[in-house]
Amino acid sequence: MNGAFLNALGILLGALFGLIRREPLPARTQEQLRAALGIFIMAAGGWQVWQNLGAGFGNGLKHLLLTFLAVVLGFWLGKLLGFQRLSNRLGRLAGQYIAAAQAKPPGPAVAGLVAGLVLFGAAPLGWLGAVQDGCTGWFHLLAAKSLMDALAMAGFVRIFGWPVALSAFPICGILGLLTLACQRLAVPFCAAHHLLEPVNAATGLVACLVSLVIFQLRKVELTNFLPALVVAPLLAWLCGDH
């Protein structure tokens, strides 16, 4: 569960940075950091897809097509279940708390904790990173998320005060439990049926979509893609690719 601890550490360090440095980072520096994170996440996601396609051109192409199909089907399943709508509703709630605190700082500690929990805990990158960490031991995505959360927390702590940093602990618990569930429950079953590769490939492909949002190239309903992590092994099973 290295990724969960690293994410929590990033939030705490971001809070400390925000308390020490009262002025935000220059806009150019923030843009450069976002670009670097976008490139890193794109590379990490692409590498994970490549590593899980299997040997041989024909076999790799088949797995790649199945991964694309799983992501598309996962998106429509997420849309049908309203995942993005729920995420947007939570995001608006957090936005209201942040706007109120900016207008009259410092904002209530409880409002800051709720905003932190929503924005750090409901982020699709966190769920992807926890699944990646649990299934492969790689915590690259959560490492990138920890830096993103640190930058956000540096701003939050200026408008909500230091108690908002306490959101790091439930975030660590949420992501840690998801990672542990993947390690203890999903991995043994998927490994026994040779279904780990589809899960990992789908995780990498959805991670690549996250970079599109970071680069602000287009609006992507990221939360709706999360069911692809379940659809991918199911599709591989139905297609006899196990």
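The values are calculated or read from the model by the stated rules, or taken from the named source; none is laboratory data. Everything quoted here is computed from the prediction, not taken from an experiment. No Cβ is skipped: glycine too gets one built from the backbone with ideal geometry, and neighbour counts run over all protein chains shown.
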### Query
Does the stretch 14-21 contain any residue that is exposed (fewer than 12 other Cβ atoms within 10 Å of the Cβ), over 15 Å from the mean Cα position of the chain (by Cα) and either in a helix (DSSP H, G or I) or of a type in the set (D, E, K, R) (or both)?
yes
Condition set more than 15 Å from the chain's Cα centre (by Cα), within 28 Å of Gly91 (Cα to Cα) and of a type outside the set (A, V, I, L, M), scope the stretch 183-242, selection modelled with the highest pLDDT: answer is Phe215
For the stretch 82-102, pairs from a residue that is at positive phi and of a type outside the set (S, T, N, Q) to a residue that is modelled with pLDDT of 90 or more and part of a helix (DSSP H, G or I), with Cβ under 9 Å and 6 or more apart or across chains, are Gly82/Asn224
- Do we have Ala192 as within 27 Å of Leu61 (Cα to Cα) and free of Cβ contacts under 8 Å to residues at least 12 places away in the same chain here? yes
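When the stretch 120-134 is examined, which residues are found to be crowded, with 21+ Cβ neighbours inside 10 Å and part of a helix (DSSP H, G or I)? Show your work before the answer.
Within the stretch 120-134, the subset crowded, with 21+ Cβ neighbours inside 10 Å is 120, 123-134.
Selection gives Phe120, Pro124, Leu125, Gly126, Trp127, Leu128, Gly129, Ala130, Val131, Gln132, Asp133, Gly134.
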Considering the stretch 22-65, residues that are within 30 Å of Ile159 (Cα to Cα), not in a helix (DSSP H, G or I) and not charged (D, E, K, R), and then whichever is modelled with the highest pLDDT, we arrive at Pro26
Scanning the stretch 85-115 for residues that are within 28 Å of Gly46 (Cβ to Cβ) and buried (at least 20 other Cβ atoms within 10 Å of the Cβ) gives Ser87
In the stretch 135-184, residues that are more than 16 Å from Asn2 (Cα to Cα) and either among the small types (Gly, Ala, Ser) or not in a helix (DSSP H, G or I) (or both) total 7
Flagged in the stretch 46-89 as of a type outside the set (A, V, I, L, M, F, W, C) and under 30 Å from Val114 (Cβ atoms), in numbering order, are Gly74, Gly78, Lys79, Gly82, Gln84, Arg85, Ser87, Asn88, Arg89
If we ask which residues in the stretch 219-233 are over 10 Å from Gly74 (Cβ atoms) and either charged (D, E, K, R) or not in a loop (DSSP other than H, G, I, E, B) (or both), their number turns out to be 5
Residue pairs within 6 Å by beta carbon, gap of at least six or interchain, first lying in the stretch 215-236 and within 18 Å of Ile39 (Cβ to Cβ) and aromatic (Phe, Trp, Tyr), second surrounded by fewer than 22 Cβ atoms within 10 Å (Cβ to Cβ) and at pLDDT below 95, listed first then second, are Phe215/Gly38
